[in-house]
Structures are given as C-alpha cells and as structure tokens.
1. Which of the DSSP-defined H helices in the chain satisfy a minimum axial length of 24 Å, computed from C-alpha atoms, and a minimum mean Kyte-Doolittle hydropathy of 0.5?
2. Using only the alpha carbons of the chain, determine the length spanned along each of the three principal axes and report them from longest to shortest in whole angstroms.
3. Given the -39500 (n - 2.57) contribution per DSSP H run of 4+ residues, what per-residue ellipticity at 222 nm results for the chain, rounded to the nearest 500 deg cm²/dmol?
4. Evaluate the relative contact order of region 1-60 (contact order divided by residue number), counting alpha-carbon pairs under 8 angstrom at least 6 apart; express in whole percent.
5. Expressed as a whole percentage, what fraction of the accessible surface of the chain belongs to carbon and sulfur atoms when a 1.4 Å probe is rolled over the protein heavy atoms?
6. Probe of 1.4 angstrom, ligands and nucleic acids ignored: what's the accessible area per residue over the chain, in square angstrom?
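The values are calculated or read from the model by the stated rules, or taken from the named source; none is laboratory data. Fair warning: this is a prediction, and the values are worked out from it, not measured in the lab. Keep in mind that these areas ignore ligands, DNA and RNA; they rest on the heavy atoms of the full protein, side chains included. Shrake-Rupley method; radii C 1.70, N 1.55, O 1.52, S 1.80 Å.
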Amino acid sequence: MTNFFNGLLRFRRGSWEMLASILIALGVVMLMQPFALWLFTYSFIITLVGTVMFIIVSHFPE
C-alpha cells in the first residue's frame, strides 16, 4: 500500500493507471445498477474522467 501512495505522489504510471482503471470500472458499475438514480446520473462523468485520466497517465514515466 505504501508503494501505491509513493507512486501517486511521484507521478508514476502504475499507480495512476490503477486509479484510472478503478474509476472506469466504478463508472460502469454505476451505469448498470438499477437502484439509485443519482448514481446513474454521474456514471458517464466518472467513466469519462477515468478514460481521459488513463490516456493522460499513459504518458507518465514508469
């Protein structure tokens, strides 16, 4: 867990890509759930932020 936070603070690709992937997966889960309308409302924005973040972070050094 310490390596993950150090990677975030040092702008390393692995940690940021994992965070972006989690955001994408969270957005998809929010899109598919039938219970809360507010989760469905924000699902596209969360997925979009995760996708753009993944594209940007893929240029970070390893």
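1. 13-32, 37-57
2. Cα spread of the chain along its principal axes, largest to smallest: 38, 23, 13 Å.
3. -26500 deg cm²/dmol
4. 38 percent
5. Ligands and nucleic acids excluded, carbon and sulfur give 76 percent.
6. Here the residues of the chain average 76 Å² of exposed surface.
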